[in-house]
Amino acid sequence: MRVLGIESSCDETAAAVYAASGGLLSHAVHSQVADHAAYGGVVPELASRDHVRKLPGLVAGVLRDAGLEPADLDGVAWTRGPGLPGALMVGAGFARSLAWARGLPAVGVHHMEGHLLAPLLEPDPPAMPLVALLVSGGHTMLVQVAGFGRYRVLGESVDDAAGEAFDKTARLLGLPYPGGPAVARLAAEGTPGAVRLPRPMTDRPGLAFSFSGLKTAVLHAVQAAGDDPQGRADIAHGFQEAIVDTMAIKCRRAVAQAGSPRLVVAGGVGANARLRERLREEAEAGGFTVHYPSLELCTDNAAMIAYAGALRLAAGERDDLDFSVRPRWPLAELPVPEGGEASR
Ligand code: KG4
Ligand code: ZN
């Protein structure tokens with residue numbers, strides 16, 4: 001089965017072709033970062049318009065790279081949500097029209113299920129069951145994964161997502177959008193231990209996260225540091241350590257609670273080098289293994305959508321023609337695939 005995947009939930013336009021035998025045949029991502037940078041964040045209308053402009057060329061490109069014609073496809077997968085409504089509609093309309101015109105089955109994929117499954121696209125993928133730490137611009141959650149489609153959310157953020165905390169901290173530090181990579185770069189120049197920020201919700205049991213208080217702590221530290229460049233680097237360092245430490249503590253707990261020997265980390269913040277390093281240490285000390293997608297499959301991409309879609313199509317899921325997008329879509333509302341046993 002050869003499936004075209006289309007991703008347009010936020011500010012990346014992406015297309016990919018995944019084959020059940022052969023794996024990922026091609027994928028391409030166009031980042032809109034330059035279009036939104038001047039505004040300090042994603043402007044939804046600009047995002048939608050750029051998806052309209054870029055999607056046809058990207059799809060033609062990935063088909064060419066895979067050596068395929070549209071007639072060679074067996075299905076189309078697209079991101080149904082969560083994400084920006086207008087941006088999602090562009091991918092949905094394109095994918096559903098193409099599928100209809102070619103008489104192909106189509107399936108709308110949950111963006112976070114895509115992230116969750118991305119580590120399985122790597123060589124030597126981890127077996128299930130496992131625990132997934134999903135950390136993106138809009139979500140921070142720990143998920144117990146019994147098998148494909150069998151997910152139980154163990155804990156999530158009660159306010160800001162980890163990526164959002166990076167982006168807001170970047171803004172407070174006067175760094176450009178997107179904030180994650182910029183904060184990480186500045187953090188490398190900071191003095192370890194110079195600024196210590198709180199590790200929210202680690203002093204009590206449970207797997208929930210909260211990052212909005214951290215943002216306030218950053219604000220106060222920035223006001224105290226004034227224009228001192230070293231002071232700002234120290235804040236970036238202290239912030240990154242606080243986020244990474246908080247996630248490491250919760251991951252250790254989640255793995256113990258789930259009795260799982262495997263942790264996968266995915267979503268844009270999963271690209272953070274310090275987080276990867278710290279979780280590797282945690283895994284070594286805690287007797288579990290940790291698995292990451294490559295950097296290009298960690299941030300938004302369509303390979304993960306094509307892959308998740310291929311699994312759902314193989315399990316018999318199909319969209320009707322009266323499809324809709326789900327800008328807000330709790331992971332717990334995903335259908336359990338045929339033959340899978342509900343674990344929630
Ligand atoms: O998964 P993703 O590409 O898009 C969403 O689904 O949201 O995640 C984007 C988020 C942004 O908040 C961005 O600042 C953050 O991931 N991010 C990082 C890094 N690279 C991207 N955060 C920390 N360190 C990074 N290296
Ligand atoms: Zn994402």
Of the DSSP beta bridges with both residues in the chain, give the percent that are antiparallel, rounding to the nearest 5.
-> 60 percent
Two-site label geometry, ASP65 and ALA314: point separation in nm, points 7 Å out along Cα→Cβ | 2.2 nm
So who's got an amide H within less than 5 Å of the one on THR79, skipping anything under 5 residues away but keeping other chains? H placed 1.01 Å off N, in plane.
-> ILE6, SER8, VAL109
How far apart, in nm, are the 7 Å Cα→Cβ label points at ALA20 and ARG274?
-> 4.5 nm
For the range 191-344, projected area of the alpha-carbon convex hull averaged over all directions, nm² | 12.5 nm²
Exposed loop GluC sites (Glu not before Pro) only (DSSP loop, at most 11 other Cβ atoms within 10 Å): please give the longest stretch of the chain free of them, not including the sites.
-> 1-337
Inter-part gap, Cα centre of the range 51-66 to Cα centre of the range 184-204, in whole angstrom, is 41 Å
Sulfur and carbon atoms: percent of accessible area, the range 106-182 [1.4 Å] | 52 percent
What's the carbon and sulfur percent of the range 187-241's accessible surface, probe 1.4 angstrom, rounded to a whole number?
-> 54 percent
Once the Cα gyration tensor of the range 236-282 is diagonalised, semi-axes √(5λ) in Å | 19, 12, 8
Leaving out ligands and nucleic acids, note down the accessible area per residue over the chain with a 1.4 angstrom probe, in whole Å².
-> 41 Å²
If you put +1 on each Lys and Arg Cβ and -1 on each Asp and Glu Cβ, how big is the dipole of the range 81-196 around its Cα centre, in Debye rounded to 20?
-> 220 debye
Could you check what % of the DSSP bridge pairs in the range 128-292 are antiparallel, to the nearest 5?
-> 60 percent
Computed from the mean reciprocal separation of all distinct C-alpha pairs, what Kirkwood hydrodynamic radius does the chain have, in Å?
-> 20.4 Å
Around LEU58 (Cβ within 12 Å, Cβ-to-Cβ, excluding LEU58; K/R +1, D/E -1) the net charge comes to -1
Where the accessible area of the range 257-344 is counted over protein heavy atoms with a 1.4 Å probe, how much of it, in %, is carbon and sulfur?
-> 49 percent
Helix-only CD estimate at 222 nm, as mean residue ellipticity for the chain, using -39500 (n - 2.57) per DSSP H run (n ≥ 4) = -13500 deg cm²/dmol
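The values are calculated or read from the model by the stated rules, or taken from the named source; none is laboratory data. All of these numbers come straight from a predicted model, not from anything done at the bench. Using ideal geometry, Cβ is built from the backbone for each residue, glycine included, and neighbour counts are taken over all protein chains shown. Ligands, DNA and RNA are stripped out before the accessible areas are found, and what is left, the full protein with its side chains, is counted by its heavy atoms. Shrake-Rupley method; radii C 1.70, N 1.55, O 1.52, S 1.80 Å.
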